[in-house]
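Notes follow the structure.
The values are calculated or read from the model by the stated rules, or taken from the named source; none is laboratory data. Just so it is clear, the structure is predicted and the values come from calculations on it, not from any experiment. Methodologically, a virtual Cβ is constructed for each residue, glycine included, from the backbone with ideal geometry; neighbour enumeration extends over all protein chains shown.
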Amino acid sequence: MHKRRYLAVAAALAVTAPVALSASSPAFAEPSAPAAAEAGTTVQELEKALEEARAAHSAAVLARIEAYGELEALVDPDKSDPPALVVAAEEARKAADEAKAALDAAVTRVGAARTALAEADEAGRAAAEQELADAELALEDARQAHVEAAEKAKTAGTALDDAQVEAARAYELAKQTEKAAKEKAEAAEKALADAKKCTQAEELKSKAVGLPEQLVAGDRVPFTFRITNGTEHTVDVEPLTFVVLDSPGADQEDLEVEWKSRDGWVELEPAGSPELVVEDLEPGSQARIRMRLTVDEDTPKSHLHASFAADPVTGSVPCLFGPMKNYGIDVLPAGSTPSPSPGDGASPSPSTSASPAPGASATPGAAPQGGTGSLAATGSTVTPVALTAASALVLGAGAVVVSRRRRAEVRS
């Protein structure tokens, strides 16, 4: 579990409270919509997707370079080391040229033989006839050799042309693949960046049901911390609780806050929160945590401050956090009789999903108080020394706004 965010509140109290209180409304200038990511996707999964997309882009760049090299080798080959197809085409072309030259020579020989026969006398006629016959046979052979060489040259040339066309197509496809891989990597980068931006969701409500406006020192007060997911998203959240005695000189050791886990009641550290994750809280559903608090019976009249909110689990997508519900409680000396609390008579409604811990149901008690929503704080658990310097005013909306903004900046 992560360290809670209260040390930042206490550290910022004296310095930041006046500024924070005056700027509580616009303090969280985040987009109104959550990060665009598939439901159930986590930051870790998006980081892995980005890593894979970058690797695919790098591979596509190398493939495009290789495809260009193959095309260049076929179109403008290196004379010192040409591809086999280029060599074969060149050799076939040369052979066809040589066959054509031989054919031309054979045609010339036949022409010369015919001229010689026409001009030969009776004594030389037999020899001239034999030369013409030999020349005509040589011409026939030359013609056949030329046809075969020309066909081979055509076949080799066609093979080279086809290879060049295929290489050009492969290069164009490689460029398109590189472009698509680059766009996918950029989209993955944006999805990860967007997922790390946490957005306030007013519909992710928190309420302390049964928390009275007054409590008597020594009495144990049960109540229910209820989280209602009114958003359109299934979310993973951590319950945030912040309960302190905020009167001057108050000793936090006089305050005991507990929550009901699966194994029984667990005491919280001063201003601490339950070590609990509410997973897959669906739209319209609720999670309820049974809690109780006790102020030592020797505690004099004082005041108690309580704040509750739903915080996003680190790495969850969408990263939504709910507004903080603040309560002020008057602590009366032991034996006092609390004044009737008007309240609103509210009590937890049935949950549409399982509660985070067994038995986390509504607890009868005083009518719940109203509260003012604000943003919650970030940081670690507040020390008793820091808490004794806090007042109800300083622990209000402003200080928590500043601290929670800091936490959001760390996430992004």
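What the table below lists for this structure:
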item: Some residue of the stretch 224-241 being touching a residue at least 24 places away in the same chain (Cβ under 8 Å) and closer than 13 Å to Val295 by Cα; result: no
item: Every residue from the stretch 156-198 that is without any contact (Cβ under 8 Å) to a residue 12 or more places away in the chain, among the polar types (S, T, N, Q) and under 21 Å from Ala56 (Cα atoms); result: Gln176
item: In the stretch 177-212, residue modelled with the highest pLDDT [restricted to those that are under 24 Å from the mean Cα position of the chain (by Cα) and among the polar types (S, T, N, Q)]; result: Thr177
item: Residues located in the stretch 81-125, provided they are without any contact (Cβ under 8 Å) to a residue 12 or more places away in the chain, small (Gly, Ala, Ser) and surrounded by 14 or more Cβ atoms within 10 Å (Cβ to Cβ); result: Ala120
item: When residues of the stretch 265-302 are limited to those that are closer than 22 Å to Leu255 by Cα, assigned to a strand (DSSP E or B) and β-branched (Val, Ile, Thr), the one farthest from the chain's Cα centre (by Cα); result: Val295
item: Any hit, the stretch 226-240, residues being more than 21 Å from Thr314 (Cα to Cα), part of a loop (DSSP other than H, G, I, E, B), assigned by TED's automatic domain parsing to the domain that holds Pro323 and out of contact with any His (no Cβ under 8 Å at 6 or more places or on another chain); result: no
item: Where Ser247 falls short, out of the listed (1) closer than 30 Å to Ser339 by Cα; (2) crowded, with 21+ Cβ neighbours inside 10 Å; result: (2)
item: Single condition Glu269 does not satisfy, out of (1) at pLDDT below 95; (2) under 30 Å from Glu47 (Cβ atoms); result: (2)
item: Checking Glu45 against (1) in contact with a Leu (Cβ under 7 Å, 6 or more places away or on another chain); (2) not assigned by TED's automatic domain parsing to the domain that holds Glu166, the condition it does not meet; result: (1)
item: Qualifying residue in the stretch 251-269 (condition: crowded, with 24+ Cβ neighbours inside 10 Å and among the polar types (S, T, N, Q)); result: no
